[in-house]
Amino acid sequence: MVTDPISNFIISIKNASDARKTSITVPYSVLKESIAHALMKAGYVSAIEKKGKKAIKTLEVGLVYIGGQPRVHGVDRISKPSPRVYQKSKDIRMFKSGFGNTVFSTPKGVLLDLDAKKNKVGGEVLFKIW
């Protein structure tokens, strides 16, 4: 049993990228699908596909490589199940001089740092990816 499915999802993406896998398959959830769509917009993920029946759904996520190197170099989970971390829109700053992204869970859905700042909406800081 996984106690933190978001951590498991992002670490699976990083480990699969390091192992040069083309895609990963994880148990489906709406939140994971939203995170995958945000990562696709940022260019970390190439394809997202929902598979399976009602009882056993999975999410297949394709990974991106640039010049043979993985697009995902590292991830850092910020808001964990016990100490939740929230941030206002005016406090959102660039991460790794713009080469990394911070992913937020906001009232408008799962957004990247630039989109959250542009929409002037804050929320829970899920993780950073670079």
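Quick one: angle between helix 5-18 and the longest Cα principal axis of the chain, in degrees between 0 and 90, rounded to 10, please. Between the helix axis and the principal axis of the chain, the angle is about 70 degrees.
Straight-distance candidates among the aspartates and glutamates for linking to Lys51, with alpha-carbon spacing under 14 Å and chain neighbours fewer than 8 residues away dropped: Glu33, Glu60. Available extension along the chain between Lys88 and Lys21 is 20.5 nm, counting 0.36 nm per residue and deducting the alpha carbon span.
Using a Gaussian network model of the chain in which every pair of alpha carbons under 10 angstrom is joined by a spring, one finds that among Pro83, Pro70, Pro107 the greatest mean-square fluctuation is at Pro83.
Computed with a 1.4 Å probe over protein heavy atoms only, the accessible area of Tyr28 comes to about 50 Å². On the beta carbon distance between Trp130 and Lys57, with R0 = 25 Å, the FRET formula returns roughly 0.25.
Helix-only mean residue ellipticity at 222 nm, the chain, DSSP H runs n ≥ 4 weighted -39,500 (n - 2.57), per residue, nearest 500. What is it?
Value at 222 nm, helices only: -7500 deg cm²/dmol.
If R0 equals 22 Å, the separation of the Cβ atoms of Lys108 and Tyr28 corresponds to a calculated FRET efficiency of about 0.50.
The values are calculated or read from the model by the stated rules, or taken from the named source; none is laboratory data. The model shown is predicted, which means the values in this text are computed figures rather than measured ones. Cβ sites come from the backbone with ideal geometry, for glycine too, and all protein chains shown count toward neighbours. Ligands, DNA and RNA are stripped out before the accessible areas are found, and what is left, the full protein with its side chains, is counted by its heavy atoms. Shrake-Rupley method; radii C 1.70, N 1.55, O 1.52, S 1.80 Å.
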